[in-house]
Amino acid sequence: MGTRWSARYQAPPGFDHEALSRDLARAVDLVDAQMSPWKPDSDLMRLNRAEPRQWVTLPGAVLDVLARALDVGALSGGAFDAAVGGLVDAWGFGAATDAPDPAAIRLAAADHRPAHLWLDVDQAQGRARKRAPLTLDLCGIAKGYAVDRMAQVMADHGIGHALLSLDGEVRACGSRADGRPWAVALESPQEGRRAAHGVIELSDLAVATSGDYRHWVQAGGERLAHTMDGRRAAPVRNPVASVTVLARACMDADAWATALLVAGPGEGPALARRLGLDALFLLRREGRLVEFGVGRFAHSPAGPQP
């Protein structure tokens, strides 16, 4: 997935650490092989190449992630959209090019259709189909899903105390062995600098953050973040620097962090309240960061309690 994964865990004497490491690597590699938009032979790319209305047989994991992506897309009114692959490529964030292509941008914007309205997922029959040309991209949810698969590997190996991470998506399995929660630093959204904004304590919870400060392009004198707003068929443009979401499943935290970032400073908190999400928004206001929390973040500036 173009990044690193890690696992911190506590195990009894004599535990087979090498076997666990192999199984964790296999779990992450399998998600990458199935869902990467950078691998021409991935299952996701097979679906992207298929003709509209042609059913494509897919692994259960891919169908699970696609189904959840459609759920979040519908619940968020399209703020989360798995069909932004064409926009991602046109703006230089995908595998096709590393710079914006004005002609491709115009074409991708004109052709864009939201996944939750134009993709059918038939989990009972193990298949999916597009009802119109779509270029799907699961980067806003697949990394969280990979962390959930790592959590299942931990459970299979009998590990009940672990902290798992993949590119900023984090899931705590239980607490630390001494009963204390796992401490996770929330990154400050500063370009070119790594610093902690605060600390979140996790027990049996996942956390994911989406922001505007790591991947971006310069276009027309404006800095544009890599996250796409499918409703505008363009990169997100709002004062939200980052959104952090807590959820039981890392896949959900990952997808909702993206959706709330796209939704923006007004619609995002309202959506989080309506759906009962725990979300922390960091907004850029007149050269400073303003913190705004919903749910468990509402009354705890330093982070929620476990």
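Out of the stretch 105-124, which residues are open to solvent by less than 50 Å² (accessible area, probe 1.4 Å) and under 28 Å from ASP64 (Cβ atoms)?
Within the stretch 105-124, ALA108, HIS112, PRO114, ALA115, LEU119, ASP120, VAL121, ASP122 meet the criteria.
Quick check: anything in the stretch 97-104 more than 15 Å from ALA67 (Cβ to Cβ), surrounded by 21 or more Cβ atoms within 10 Å (Cβ to Cβ) and in contact (Cβ under 8 Å) with a residue 24 or more places away in the chain?
The answer is no; no qualifying residue exists.
Being closer than 26 Å to GLY14 by Cα, among the hydrophobic types (A, V, I, L, M, F, W, C) and in contact with a strand residue (DSSP E or B) (Cβ under 8 Å, 6 or more places away or on another chain) is the filter here; which residues of the stretch 134-160 pass it?
VAL147, MET150, ALA151, MET154, ALA155, ILE159
Does LEU117 satisfy the criteria of being under 22 Å from ALA74 (Cα atoms), in contact with a strand residue (DSSP E or B) (Cβ under 9 Å, 6 or more places away or on another chain) and aliphatic (A, V, I, L, M)?
The answer is no for LEU117.
In the stretch 12-33, is there at least one residue being crowded, with 20+ Cβ neighbours inside 10 Å, of a type in the set (A, V, I, L, M), without any contact (Cβ under 8 Å) to a residue 40 or more places away in the chain and more than 19 Å from LYS143 (Cβ to Cβ)?
Within the stretch 12-33, not a single residue is crowded, with 20+ Cβ neighbours inside 10 Å, of a type in the set (A, V, I, L, M), without any contact (Cβ under 8 Å) to a residue 40 or more places away in the chain and more than 19 Å from LYS143 (Cβ to Cβ).
Matching residues to (1) in contact with a helix residue (DSSP H, G or I) (Cβ under 9 Å, 6 or more places away or on another chain); (2) under 21 Å from ASP43 (Cα atoms); (3) part of a loop (DSSP other than H, G, I, E, B):
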{"site": "ALA128", "(1), (2), (3)": "yes, yes, no"}
{"site": "CYS139", "(1), (2), (3)": "yes, yes, yes"}
{"site": "TYR145", "(1), (2), (3)": "yes, yes, no"}
{"site": "GLN152", "(1), (2), (3)": "yes, no, no"}
{"site": "ILE159", "(1), (2), (3)": "yes, no, yes"}
{"site": "LEU163", "(1), (2), (3)": "no, no, no"}
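How many residues, within the stretch 272-293, are touching a residue at least 40 places away in the same chain (Cβ under 8 Å) and either under 17 Å from ALA79 (Cα atoms) or open to solvent by less than 20 Å² (accessible area, probe 1.4 Å) (or both)?
5
Please verify whether the stretch 44-51 includes one or more residues that are in contact with an Asp or Glu (Cβ under 9 Å, 6 or more places away or on another chain) and closer than 25 Å to LEU163 by Cβ.
no
Output the strands (runs of 3 or more DSSP E) that fall wholly within the stretch 220-300 and possess 3 or more residues being among the small types (Gly, Ala, Ser), or say none.
Details: elements: 222-225, 240-247, 278-285, 288-294.
Correct list: 240-247.
Would a scan of the stretch 71-82 turn up a residue that is touching a Gly at 6+ places or on another chain (Cβ under 7 Å), touching a residue at least 40 places away in the same chain (Cβ under 8 Å) and small (Gly, Ala, Ser)?
Restricting attention to the stretch 71-82, the residues satisfying the condition of being touching a Gly at 6+ places or on another chain (Cβ under 7 Å) are 78, 80-82.
Those still in the list that are touching a residue at least 40 places away in the same chain (Cβ under 8 Å) too: 78, 80-82.
Then drop every residue that is not small (Gly, Ala, Ser), which leaves 78, 82.
Yes, because at least one residue in the stretch 71-82 is touching a Gly at 6+ places or on another chain (Cβ under 7 Å), touching a residue at least 40 places away in the same chain (Cβ under 8 Å) and small (Gly, Ala, Ser).
Are there helices (runs of 4 or more DSSP H) fully within the stretch 1-104 with at least 3 residues that are modelled with pLDDT of 95 or more, more than 25 Å from GLY174 (Cβ to Cβ) and out of contact with any Cys (no Cβ under 9 Å at 6 or more places or on another chain)? List them.
Those helices (runs of 4 or more DSSP H) span 17-35, 43-49, 60-75.
Any idea which of (1) under 21 Å from ALA115 (Cβ atoms); (2) free of Cβ contacts under 8 Å to residues at least 60 places away in the same chain is the one HIS226 doesn't satisfy?
Just one mismatch for HIS226, condition (2).
Please go through the stretch 34-46 and pick out each residue that is surrounded by 12 or more Cβ atoms within 10 Å (Cβ to Cβ) and more than 20 Å from the chain's Cα centre (by Cα).
Within the stretch 34-46, just ARG46 meets the criteria.
Could you list, in sequence order, the residues of the stretch 57-76 that are in contact with a helix residue (DSSP H, G or I) (Cβ under 8 Å, 6 or more places away or on another chain), open to solvent by 30 Å² or more (accessible area, probe 1.4 Å) and farther than 19 Å from ALA249 by Cβ?
If the condition is that a residue be in contact with a helix residue (DSSP H, G or I) (Cβ under 8 Å, 6 or more places away or on another chain), open to solvent by 30 Å² or more (accessible area, probe 1.4 Å) and farther than 19 Å from ALA249 by Cβ, then no residue fits.
Can you name every residue in the stretch 242-252 that is buried (at least 24 other Cβ atoms within 10 Å of the Cβ) and in contact with a helix residue (DSSP H, G or I) (Cβ under 6 Å, 6 or more places away or on another chain)?
VAL243, VAL245, CYS250, MET251
The values are calculated or read from the model by the stated rules, or taken from the named source; none is laboratory data. Predicted, not measured: the structure shown is a model, and the values here were computed from it. Please note: Cβ atoms are built from the backbone with ideal geometry, for glycine as well, and neighbour counts cover all protein chains shown. With ligands, DNA and RNA removed, areas are computed over all heavy atoms of the protein, side chains included. Shrake-Rupley method; radii C 1.70, N 1.55, O 1.52, S 1.80 Å.
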